[in-house]
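Peer 1: Got a structure here, written out as structure tokens. Questions coming.
The values are calculated or read from the model by the stated rules, or taken from the named source; none is laboratory data. Quick caveat: nothing in here was measured; it's all calculated off a predicted structure. Reconstructed Cβ throughout: ideal geometry from the backbone, glycine too, with neighbour counts over all protein chains shown.
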Amino acid sequence: MALADPQVLPTTPATDLDRVSTALGRFASDDTKYELSVDHSRGNRLRHVVKLVNRKIATDPMLPSQNREYTQSVHIVIDHPIQGFSATEITDLAEVFTDFVSDPALLAAVVQGQA
């Protein structure tokens, strides 16, 4: 089963991410400002990775007359054993985590290097 195409980022205005790979979970905005990837790996454990990349062109501080591309990314990794937890338990933990880290004060503290 595949994810819906397009995926929609809740930016203002909303950004459509169209599928750019039919075999892999890769999506991108028309201007490639945003790219989303969804990967799964299976070994002794199952690992699911969702990654959002943001690109922009800005002035190079070392060469102010030139611009360069900068990227930033955010990942969420769901790692679990093949057995022992139900899909509901795995999803519930992921939801608890995303609710927890969605606090703007917590995110600001983490970005500022607090631990």
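Peer 1: Answer with yes or no whether Val49 is assigned by TED's automatic domain parsing to the domain that holds Leu17, touching a Leu at 6+ places or on another chain (Cβ under 8 Å) and surrounded by 10 or more Cβ atoms within 10 Å (Cβ to Cβ). Full working, then the answer.
Peer 2: Working: assigned by TED's automatic domain parsing to the domain that holds Leu17: yes; touching a Leu at 6+ places or on another chain (Cβ under 8 Å): no; surrounded by 10 or more Cβ atoms within 10 Å (Cβ to Cβ): yes.
Taking the combined requirement at face value, the residue does not satisfy it.
Peer 1: Separate question: Give me a count of the residues in region 29-46 that are part of a strand (DSSP E or B) and under 14 Å from the mean Cα position of the chain (by Cα).
Peer 2: Taking region 29-46 and keeping what is part of a strand (DSSP E or B), we get 34-42, 45-46.
Filter again for under 14 Å from the mean Cα position of the chain (by Cα), leaving 34-40.
Within region 29-46, residues that are part of a strand (DSSP E or B) and under 14 Å from the mean Cα position of the chain (by Cα) number 7.
Peer 1: For region 8-45, what are the residues that are closer than 14 Å to Val77 by Cβ and either β-branched (Val, Ile, Thr) or in contact with a helix residue (DSSP H, G or I) (Cβ under 9 Å, 6 or more places away or on another chain) (or both)?
Peer 2: Passing the criteria: only Val38.
Peer 1: Out of Val49, Val77, I need the residue that is closer than 18 Å to Ala2 by Cβ and either at pLDDT 95 or above or under 15 Å from the mean Cα position of the chain (by Cα) (or both). Which one?
Peer 2: Values: Val77 fails: closer than 18 Å to Ala2 by Cβ.
None of the other options fit; the residue is Val49.
Peer 1: Among residues belonging to region 1-28 that are under 14 Å from the mean Cα position of the chain (by Cα) and not in a strand (DSSP E or B), point out the one that is nearest to Val49 (Cα to Cα).
Peer 2: Pro10
Peer 1: Which residue pairs have Cβ atoms under 9 Å apart, sit 6 or more places apart or on different chains, and have a first residue in region 1-19 that is over 14 Å from Val38 (Cβ atoms) and a second that is aliphatic (A, V, I, L, M) and loosely packed, with under 11 Cβ neighbours inside 10 Å?
Peer 2: From region 1-19, the pairs are Val8/Ala14.
Peer 1: Would you check if there is a residue in region 25-41 being assigned by TED's automatic domain parsing to the domain that holds Leu107 and either in contact with a His (Cβ under 8 Å, 6 or more places away or on another chain) or charged (D, E, K, R) (or both)?
Peer 2: Looking for residues that are assigned by TED's automatic domain parsing to the domain that holds Leu107 and either in contact with a His (Cβ under 8 Å, 6 or more places away or on another chain) or charged (D, E, K, R) (or both), one finds none in region 25-41, hence no.
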